[in-house]
Ligand SMILES: Cc1cc2nc3c(=O)[nH]c(=O)nc-3n(C[C@H](O)[C@H](O)[C@H](O)COP(=O)(O)OP(=O)(O)OC[C@H]3O[C@@H](n4cnc5c(N)ncnc54)[C@H](O)[C@@H]3O)c2cc1C
């Protein structure tokens, strides 16, 4: 009978806890504890609705105390931070008991990633579009752009969405941000005087089959994509933010929404669990960590923090995949007999006006056969119903985590 500690109650940690609570035999585990430094859950796919003013920002957060009825038998330690891990002694030290480490038989790490702007001078002045704390800033940026565009002495403005490093979570999100902003600015009657630019340090940051559809949307919406440009630094010039790239080209922008370089949180690095890329290397077939540390056979890493690849191709970082990894690990620890794993994601990139692109990567073959399995990706243009698909996707996870008491996510209709 095992004691399991799950670090993080985001998509991965909740997927794991939910599976232990609802699908794994109670005879297999003695105790499951999930620890999170906050007491709320958020779905990144709802944030764009907040910054384009269709829901209050607070409606993108759900109280994790309300998840307890859906997680019978799971101890939830909320507002509690994991300070350190001792892989030899098989303990974690929690902020509420710094002198009394918590023992584990199995440790499931799902702490997500953090944005780290420190390697690029001035990047910290830009919005980190993967931080919930910055959603209000995105909203303010758009409101300011609209106000300035309507002023008597208005000049052209630029909204820049800049990807500082790969890999990063939810690869379609920067394009989604550009398209939703395009829609917002059109509806406010100012799109003609605002340029929207997306930049990436690689030739193309999405799965190749998505290129044709996204390129069509970029053209239709007059969004410029600049590939293969690495950010050198960010400075301020009067009211503009200036992003300078390594080829000395630059963008003067009224607002810059950045994808900061993303890595594992510090306590994971301190435990010497990260690879040079800043992620935790793990086996794609089991999610067991592969570092050379004591007790590694008892440690799993799931979700964004895990560095996983199949045949040299990195496994994309997405909420749906984090949840599925959590399911798989719970069934593994719980020794479920009849479990079949599926690693099929379905992510809608919203394109504004109700349209969306469905990107559905399937890594099931890679999980079942890490040596030889190849991923597949399906992409579908949903000119109508894209937004409805996304809202239904959000509802699916809210219902799983919170049951009937989960607040329904209901963005207001567009004018
Ligand atoms: C704008 C945006 C849009 C997105 N859209 C989509 C989408 O449409 N579809 C999709 O599938 N994915 C989407 N994603 C990606 C998705 O949100 C992530 O891939 C997913 O949240 C990863 O789950 P995780 O469990 O690895 O990490 P997270 O969900 O980030 O959870 C990590 C948890 O660990 C906790 N934690 C961290 N450190 C500690 C510590 N020391 N002690 C205790 N707790 C700790 C954190 O508080 C957090 O709750 C989007 C993300 C963003 C930001």
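Taking into account only those residues within the stretch 295-313 that are in a loop (DSSP other than H, G, I, E, B) and free of Cβ contacts under 8 Å to residues at least 40 places away in the same chain, which is farthest from the ligand (Cβ to nearest atom)?
Among them, the one singled out is 312.
Checking residue 167 against (1) surrounded by fewer than 22 Cβ atoms within 10 Å (Cβ to Cβ); (2) modelled with pLDDT of 95 or more; (3) farther than 23 Å from residue 58 by Cβ, which single condition isn't satisfied?
So the condition that residue 167 fails would be (2).
Out of (1) surrounded by fewer than 20 Cβ atoms within 10 Å (Cβ to Cβ); (2) within 22 Å of the chain's Cα centre (by Cα); (3) in a strand (DSSP E or B), the odd one out for residue 252 is which?
Residue 252 satisfies every listed condition except (2).
Which of the residues that make up the stretch 173-195 are crowded, with 22+ Cβ neighbours inside 10 Å and closer than 15 Å to residue 226 by Cα?
174, 175, 178
For residue 358, only one of the following conditions fails: (1) in a loop (DSSP other than H, G, I, E, B); (2) within 12 Å of the ligand (Cβ to nearest atom). What is its number?
Every listed condition holds for residue 358 apart from (1).
Against the condition within 29 Å of residue 273 (Cα to Cα), near the ligand (Cβ under 7 Å from one of its atoms) and touching a helix residue (DSSP H, G or I) at 6+ places or on another chain (Cβ under 9 Å), how does residue 17 come out, does it pass?
no
Pairs needed: first member in the stretch 263-281, farther than 16 Å from residue 300 by Cβ and within 11 Å of the ligand (Cβ to nearest atom); second member anywhere, modelled with pLDDT under 95 and not in a helix (DSSP H, G or I); C-beta distance under 7 Å; at least 6 residues apart or different chains.
Listed pairs, sorted by first residue: none to list.
Would you be able to say whether some residue in the stretch 256-267 is closer than 30 Å to residue 331 by Cα and surrounded by fewer than 16 Cβ atoms within 10 Å (Cβ to Cβ)?
Yes; the residues of the stretch 256-267 include at least one that is closer than 30 Å to residue 331 by Cα and surrounded by fewer than 16 Cβ atoms within 10 Å (Cβ to Cβ).
Take the conditions away from the ligand (no atom under 11 Å from the Cβ), under 22 Å from the mean Cα position of the chain (by Cα) and more than 24 Å from residue 317 (Cα to Cα) and apply them to residue 55. Does it pass?
Yes: the conditions hold for residue 55.
Can you tell me how many residues in the stretch 20-42 are more than 30 Å from residue 185 (Cα to Cα) and either in contact with a helix residue (DSSP H, G or I) (Cβ under 6 Å, 6 or more places away or on another chain) or within 15 Å of the ligand (Cβ to nearest atom) (or both)?
Residues that pass the stated criteria total 11.
Out of the residues in the stretch 46-69 that are in contact (Cβ under 8 Å) with a residue 40 or more places away in the chain and more than 18 Å from residue 142 (Cα to Cα), state the one that is surrounded by the fewest Cβ atoms within 10 Å (Cβ to Cβ).
The qualifying residue surrounded by the fewest Cβ atoms within 10 Å (Cβ to Cβ) is 69.
The values are calculated or read from the model by the stated rules, or taken from the named source; none is laboratory data. Source: prediction; values computed, not measured. Counting neighbours? That spans all protein chains shown, and the Cβs are built from the backbone with ideal geometry, glycine included.
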